[in-house]
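Engineer: This structure is in structure tokens; I'll ask about it shortly.
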Amino acid sequence: MADRDEELRGLQDEIERYRREIEHLVKDRSEYLRVSAHQMKSPLATVLFSVDTLLGNYAGPLNSKQLRIVESIRNGGRDLQALIMDILELERFRAGEVELENVDYAELCTQATLELKEKIQAKNINFLSDIPYQRLLTSGHRVGLKHAVYNLLENAVKYSQQGGMVKISVAFDEGKGLIETSVEDRGIGIPEEEQARIFEEFYRAPNARLFDKHGTGFGMTLVKQIIEICGGTITLRSREHEGTTVAFNLPLLEVKEPETAGKDEGSSRKKIVVIGGVAAGPKAAARARRLDSEAKITVFEKGNFLAYAGCALPYYISGQLKRQRELFKSYSGLESATEFFRNVKGIEIKNLSRVTKIDRERRVIEYREVFTDRVLIEAYDVLILATGSNPVIPDIPGRDLKNIFALHGITDSENIKRALANDLAKDIVIVGGGKIGVETAEALTVSGARVTIVEREKEILPFLDVEMAALVRKYMEKKGIRVIVGNNVEELQGREKVESVRFVDLTLPADVVILATGFRPNVLLAQDAGLQIGETGAIAVNEYLQTSDSNIYAAGDCAEVSHVVGGKPFYLPLGSIANRQGRIAGSNAAGRRQKFHHVTGTTIIKVFDYHFAKTGLNERQAMESGFDPVTVYVPDYDRDIFIPGAAMINIKMIADRKSRKLLGVQIVGKGEVAKRIDVASTVIAQGGEVEDIIALDLGYAPAYSQAMDNIIVAAHVMENKLDALFQGISAVDAQSVIDAKKNCTCIDVRSSQEYEEERIPGVESIPLEALSRRIDEIPRDRGVILVDNTGAKAYQASLILRANGFKKVSILEGGLRMWPFRIARE
């Protein structure tokens with residue numbers, strides 16, 4: 001350990017020696033300056049390489065002191081490398097070794113701006129750009145001028161606070177023959193007494209050194225020299241804590257209209273344009289490239305991030321995913337999806353480019369570059385719309401207060417993480433109890449805050465039937481999440497930041513509010529282009545995913561799908577559907593004729609260690625679709641109970657009374673849910689009946705399932721019910737009977753001990769073993785509801801009662817295991 005410390009200090013001293021030597025050479029204007037700078041490049045690179053070599057030679061992690069030294073060496077080395085390059089470039093300018101040429105200054109500024117976009121995005125800078133679309137010709141050095149603009153913009157970003165403002169403005173005056181440029185920020189500014197020295201070599205203002213210790217102090221010297229050699233002048237004005245504006249002018253030689261871009265008339269290559277770069281879009285582009293190696297494929301994405309896992313954002317917020325890059329698929333060791341698509345796939349990626357118009361007649365799109373504000377066009381032969389969805393933001397008074405967020409992208413998740421940092425949020429309210437709201441609630445409990453979900457419907461997770469959703473709600477409440485259902489938010493209250501949420505009958509404190517009230521398809525482009533919008537509000541497509549214009553496809557969250565049960569249009573924004581549609585849209589754009597089949601609407605979610613899933617129709621949807629639904633509820637362990645890890649799952653199965661067609665399945669519980677829901681989805685997709693599940697030959701071993709798998713048991717129970725072998729009653733209907741004290745007797749047939757431990761209020765106890773001898777205690781002129789843990793004992797009890805002449809005997813389906821309402825305990 002001591003040897004490693006000594007070698008690291010030696011490398012640190014060597015970096016500092018190089019710095020002093022360079023400063024001495026520059027100040028003395030040594031004739032050997034350029035030679036010496038060149039000579040230092042190789043040993044400096046060797047020093048940086050030695051750091052990694054040294055770390056590999058010693059086992060064990062670095063301590064905090066060593067980590068600081070390593071970071072200091074690396075930062076210092078990078079600064080010196082940049083300084084050497086600046087010195088060499090400056091000396092070339094001073095020696096008159098650069099040749100001036102006519103350059104398009106507007107294009108040069110645009111390129112410099114685009115190269116900085118990652119740094120701008122990283123600090124969440126409000127970046128404003130006013131660069132003319134015309135070509136502004138000046139006499140200058142292309143590389144030098146671009147370096148100067150880049151350096152000024154980089155400084156503006158560097159010395160701005162997180163979320164600050166930076167603006168570049170370029171104007172021209174043909175009468176005066178001038179191009180005028182200003183770079184403005186609202187950053188730390190420069191003290192008035194220091195401003196006269198800003199263009200001196202190696203000078204950095206004291207507040208700049210405190211704000212960011214890395215830098216050479218040579219950049220502004222180089223910028224000034226470049227501007228003056230190109231025939232311009234540069235000025236600076238600044239106020240400490242308020243910001244800085246650097247302005248310079250250059251000679252204007254000529255103004256030209258831009259060349260028309262995008263038509264590519266002389267090329268026979270098919271032009272495929274994809275709008276949207278998160279899920280369906282990249283999938284479509286990759287598939288099209290696989291089938292057509294010659295096509296010109298371009299993906300436009302309004303945001304900065306391409307091909308990330310949007311469904312994983314709650315895991316990123318919770319910290320289960322530690323780094324942002326874990327949201328992105330790994331692409332063979334490349335840094336990013338953008339690099340992979342460009343360099344490996346040969347697909348042009350235009351992120352931070354917002355498409356504003358589709359001209360179907362000319363087959364071109366019009367787009368605006370976010371950073372440069374330039375408006376350009378791109379031609380297409382085939383267009384794929386993968387514009388996704390937008391979060392529904394409810395019109396609630398106070399929604400513009402700070403610390404109110406939606407969760408619909410990486411930027412949103414970063415904002416939420418910042419709001420939660422340092423344990424500043426003690427109370428969090430989530431408005432909306434759907435899939436996103438529930439998943440986000442779990443993620444936010446990691447912060448230690450009190451989390452409340454508010455859902456205006458009578459139960460959370462509206463895609464489930466209420467009694468199934470209630471089981472999930474009860475489990476979440478057990479985990480410490482407060483859930484308020486059947487209540488609307490009246491107002492979000494606070495001064496600058498949200499402080500509380502007001503309902504009709506109560507007010508809750510809130511440091512952070514998450515709006516999770518659903519999504520609507522992003523169809524504005526399609527609407528403006530005159531494409532047909534379906535009854536769900538999404539883009540209408542045929543089985544090949546073609547829109548009403550056969551040259552335009554739609555895929556993902558912006559497009560309608562059709563449900564396999566009934567064939568009606570359906571809107572379901574899921575990553576699984578988006579990826580499948582993207583692949584088919586890409587295939588068809590490349591010339592194939594593949595069909596996208598109807599969906600079963602399969603959804604599966606995990607919250608804490610509880611799973612819930614649904615496929616097909618729920619009971620309400622089945623009735624609305626004209627079916628006569630029959631339901632059964634079956635709780636049981638997901639594998640043989642003696643296997644470690646065996647856990648309960650609760651199944652609700654729905655079938656049509658007349659046709660016996662399987663309509664839907666819902667499963668909740670701690671056990672294995674996914675494989676059962678996938679079995680049900682497969683049968684529903686094939687239009688199967690209940691008996692088709694019974695006939696399945698599923699894999700069995702005690703570690704994976706019981707000898708008769710849960711889904712098959714549920715189908716057997718459904719078969720019995722359809723054949724009128726027993727009469728069941730749902731928990732919802734049973735609760736209504738109990739509450740109304742209707743003409744019915746409710747009997748718990750479990751053991752007396754089980755009854756004493758927990759029971760449904762209003763239900764009396766007659767154990768199954770005592771039922772025959774106590775049968776005269778049960779009124780024969782009233783209905784009977786039989787209760788046990790799962791329904792198995794209750795079924796046996798029903799046979800006894802029926803054999804003794806009782807006519808109106810019902811079994812509480814699902815028993816206490818699936819009872820979603822209040823349970824009395826001793």
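The values are calculated or read from the model by the stated rules, or taken from the named source; none is laboratory data. Remember, it's a predicted structure, so these values are computed and weren't measured experimentally. When we count neighbours, we look across all protein chains shown, and the Cβ atoms used for this are built from the backbone with ideal geometry, even at glycine. Just so you know, the surface numbers come from the protein's heavy atoms only, side chains and all, with ligands and any DNA or RNA stripped out. Shrake-Rupley method; radii C 1.70, N 1.55, O 1.52, S 1.80 Å.
Engineer: Rg and Dmax of the stretch 98-138, using alpha carbons, in Å: what are they?
Structural biologist: Cα-based Rg and Dmax for the stretch 98-138 come out at 12.9, 38 Å.
Engineer: Which lysines have a Cα lying under 22 Å from the Cα of K793, excluding residues fewer than 8 positions away in the same chain?
Structural biologist: Candidates past the 8-residue exclusion: K652, K721, K807, K808.
Engineer: Place the peptides 572-583, 462-473, 641-652 in order of packing, highest mean first, counting for every residue the other Cβ atoms within 10 Å and averaging per peptide. Walk me through the numbers on the way to the answer.
Structural biologist: Details: 572-583: 20.8, 462-473: 22.7, 641-652: 17.2.
Ranked from most to least packed, the peptides come out as 462-473, 572-583, 641-652.
Engineer: For the stretch 529-569 and the stretch 344-422, what is the centre-to-centre distance using only Cα atoms, to the nearest Å?
Structural biologist: 21 Å
Engineer: Among bridges DSSP assigns within the chain, what percent are antiparallel (round to 5)? Walk me through the numbers before you get to the answer.
Structural biologist: Values: 86 of 138 bridges.
That works out to approximately 60 percent antiparallel.
Engineer: Of K614/K742; K224/K357; K302/K322, which sit over 30 Å apart, Cα to Cα?
Structural biologist: Values: K614/K742 33 Å; K224/K357 41 Å; K302/K322 26 Å.
Those over the limit are K614/K742; K224/K357.
Engineer: Another question, then. Identify all lysines with a Cα-Cα distance to K458 below 18 Å; exclude those on the same chain that are fewer than 8 residues away in sequence.
Structural biologist: Candidates past the 8-residue exclusion: K435, K474.
Engineer: While we're looking at this one, here's another question. In whole Å, what are the extents of the stretch 491-555 along the principal axes defined by its C-alpha atoms, from largest to smallest?
Structural biologist: Cα spread of the stretch 491-555 along its principal axes, largest to smallest: 53, 24, 16 Å.
Engineer: When ranked by the protection proxy of mean other Cβ atoms within 10 Å per residue, highest first, what sequence do the peptides 734-745, 653-664 form? Don't skip to the answer; put the middle values down first.
Structural biologist: Working: 734-745: 14.3, 653-664: 20.8.
Ranking, from highest mean packing down: 653-664, 734-745.
Engineer: Calculate one ³J(HN,Hα) per residue across the stretch 485-490 by plugging θ = phi - 60° into the Karplus curve 6.51 cos²θ - 1.76 cosθ + 1.60, and present them in order as whole Hz with x for glycine and proline.
Structural biologist: Here the 3J(HN,Hα) series is 10, x, 9, 9, 6, 8 Hz.
Engineer: State the extension gain, in nm to one decimal, for the chain segment bounded by A421 and L524, taking 0.36 nm per residue of separation less the distance between their alpha-carbons.
Structural biologist: Numbers: separation 103, 0.36 × 103 = 37.08 nm, distance 3.60 nm.
Contour length minus the Cα-Cα distance gives 33.5 nm.
Engineer: Helix 674-685 against the longest principal axis of the chain: what's the angle in degrees, Cα atoms only, rounded to the nearest 10?
Structural biologist: Long axis of 674-685 versus the principal axis of the chain: about 80 degrees.
Engineer: Another one. Check cross-link reach from K167 to the lysines: straight Cα distance under 19 Å, and skip same-chain residues fewer than eight apart.
Structural biologist: Partners found: K117, K119, K123, K146, K158.
Engineer: If you don't mind, there's one more thing I want to ask. Give the long-range amide H neighbours of S765: residues separated by 5 or more places, or on another chain, with amide H under 5 Å away, using H modelled in the peptide plane at 1.01 Å from N.
Structural biologist: Amide H neighbours of S765, under 5 Å, 5+ apart: D748.
Engineer: Can I ask one more? In degrees from 0 to 90, rounded to the nearest 10, what is the angle of the helix 33-57 Cα long axis to the longest principal axis of the chain?
Structural biologist: For 33-57 against the chain, the angle is about 30 degrees.
Engineer: First compute the accessible area of the chain with a 1.4 Å probe, then give the percent of it belonging to carbon and sulfur atoms. Before the final figure, lay out each step's value.
Structural biologist: Details: 17860 of 38180 Å².
Carbon and sulfur: 47 percent of the exposed surface of the chain.
Engineer: Let me ask something else about it. Under a 5 Å amide H to amide H cut-off, with H placed in plane at 1.01 Å, what residues pair with I539 once short-range neighbours are removed?
Structural biologist: Long-range HN contacts for I539: G534, A559, E560.
Engineer: Which whole-number percentage describes the relative contact order of the chain, with Cα contacts under 8 Å and a sequence gap of 6 or more? Mind showing how you got there, number by number?
Structural biologist: Values: 1690 pairs, mean separation 61.5, N = 826.
About 7 percent, as a whole number.
Engineer: Between R456 and Q320, how high is the FRET efficiency from 1/(1 + (r/R0)^6) when r is the Cβ-Cβ distance and R₀ = 30 Å? Nearest 0.05.
Structural biologist: Working: r = 29 Å, r/R0 = 0.98.
So the FRET efficiency works out to roughly 0.55.
Engineer: Sticking with this one: Amide H neighbours of E491 under 5 Å, at least 5 residues apart or on other chains, H built in the peptide plane: list them.
Structural biologist: Result for E491 returns R502.
Engineer: Another question about this same structure. Only loop residues by DSSP count here, and only those with at most 12 other Cβ atoms within 10 Å; note down the trypsin sites (Lys or Arg not before Pro) in the stretch 157-257 that meet that. Could you put the intermediate results ahead of the total?
Structural biologist: Values: sites: K158, K167, K176, R186, R197, R204, R209, K213, K224, R237, R239, K256; in loops: K176, R186, R204, K213.
Hits after loop and neighbour filter: K176, K213.
Engineer: So for the stretch 395-490, averaging the separation of alpha carbon pairs under 8 Å that are six or more residues apart and normalising by length, what relative contact order in percent results? Walk me through the numbers before you get to the answer.
Structural biologist: Values: 116 pairs, mean separation 24.2, N = 96.
The value is 25 percent.
Engineer: Counting pairs of alpha carbon atoms under 8 Å apart in space and at least six apart in sequence, what relative contact order in percent does the stretch 339-382 give? The partial results should precede the final answer.
Structural biologist: Values: 55 pairs, mean separation 11.4, N = 44.
Dividing the mean separation by the residue count of the stretch 339-382 yields 26 percent.
Engineer: Please name whichever of G448, L492, I514 sits farthest to the positive end of the charge dipole of the stretch 427-540, dipole taken about the Cα centre and charges placed at Cβ: Lys and Arg +1, Asp and Glu -1.
Structural biologist: G448
Engineer: Also: Taking the 0 to 90 degree range and rounding to the nearest ten, how far is the long axis of helix 64-94 tilted relative to the main principal axis of the chain, both from C-alpha atoms?
Structural biologist: Around 40 degrees separate the two axes.
Engineer: Roll a 1.4 Å probe over the protein chains and send me the accessible area per residue for the chain in Å². Let's see the in-between values first.
Structural biologist: Details: 38180 Å² over 826 residues.
Heavy-atom SASA per residue in the chain reads 46 Å².
Engineer: For the pair D412/D781, report the inter-label distance in nm, with labels modelled 7 Å from Cα in the Cβ direction.
Structural biologist: For the pair D412/D781, the computed spacing is 6.1 nm.
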